[in-house]
Every structure is written in C-alpha cells, then in structure tokens.
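Presented below is the structure to which this report refers.
Nothing in this text is a laboratory measurement; each read-out follows from the coordinates by a stated rule. Note that the structure is predicted; figures quoted are calculated from it, not measured.
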C-alpha cells in the first residue's frame, strides 16, 4: 500500500507490479507497457518517503504482493482495513491525493490530470 500511496500507481498496476520494476539505485519505478492502463512504459520517481517505506524489502523477487492477484482484491483488502479504522478509503483516493501533491509540489499540471479534468468539470487547473 505504501507504493500505492506515495507513487500514484493505479490499483490495476499494483496488482501486477514486481520487485524488479523498482530500481532503488536509480530512484525510480519502471512499469512496463504490459501492465499500464495506456500500454506505454511509465517511469515513476521513487521519492524519499516511499523509498524509506519499501527499502526493507530491497532484494525481494517476484510480485510485489503475491496475495493480491487481481485489482479488485487490492481494493477489497484496503477497503476492509479502512472499515476497521473507520475510514472511507474509496477506489482512487491514494492516486488522487498523489496527483494533488505532485501538482502542489511542481506547480505543473500533468497531462493525465488535464485529461481527467476534461471528463469532470469540478477539477481546476489554476495553480496559485
């Protein structure tokens, strides 16, 4: 879940991510086209906070979490955990929060955010 929270990786991608896609030495996660939504290779920055969370697993092999084989399993597991804590976790809250954080950090609205805005009029692209 740390990868999902601190990288903007989609639930569908988290279910398929493998440890060899995480490049600790290059500070990035490289998702191959075969697991991304738009079937294009994606490189994601491995920020210091995420690196600290997952560094104890450095050297692991295989899938990031063999327990979850399908995207809905990831969501259901997280949702059950949220219920025990009294938190409504929702399907994309980690990804949406990450996008908001990146926009605030970089003062740059990524193209994916602009595409999302076109689908929903409640998003604003103005940066203070």
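Classify the range 1-41 as rounded, prolate or oblate from the Cα gyration tensor: take a ≥ b ≥ c as the square roots of its eigenvalues, call it rounded if a/c is under 1.5, otherwise prolate when a/b beats b/c and oblate if not.
Details: a/c = 1.81, a/b = 1.18, b/c = 1.53.
Oblate, because a/c is 1.5 or more while a/b does not exceed b/c.
On the first, second and third principal axes, largest extent first, how far apart are the outermost C-alpha atoms of the range 2-119 in Å?
Its Cα atoms span 38, 37, 27 Å along the three principal axes.
Taking 0.36 nm per intervening residue step and subtracting the Cα-Cα distance, what contour gain separates residue 49 from residue 26 on full extension?
On the way: separation 23, 0.36 × 23 = 8.28 nm, distance 1.51 nm.
Stretched out fully, the residue 49 to residue 26 stretch lengthens by 6.8 nm.
Can you bin every Cα-Cα distance in the range 56-106 into 10 Å intervals starting at zero and give me the percent of pairs per bin, rounded to whole numbers?
The distribution over the range 56-106 is 21, 34, 39, 7, given as percents.
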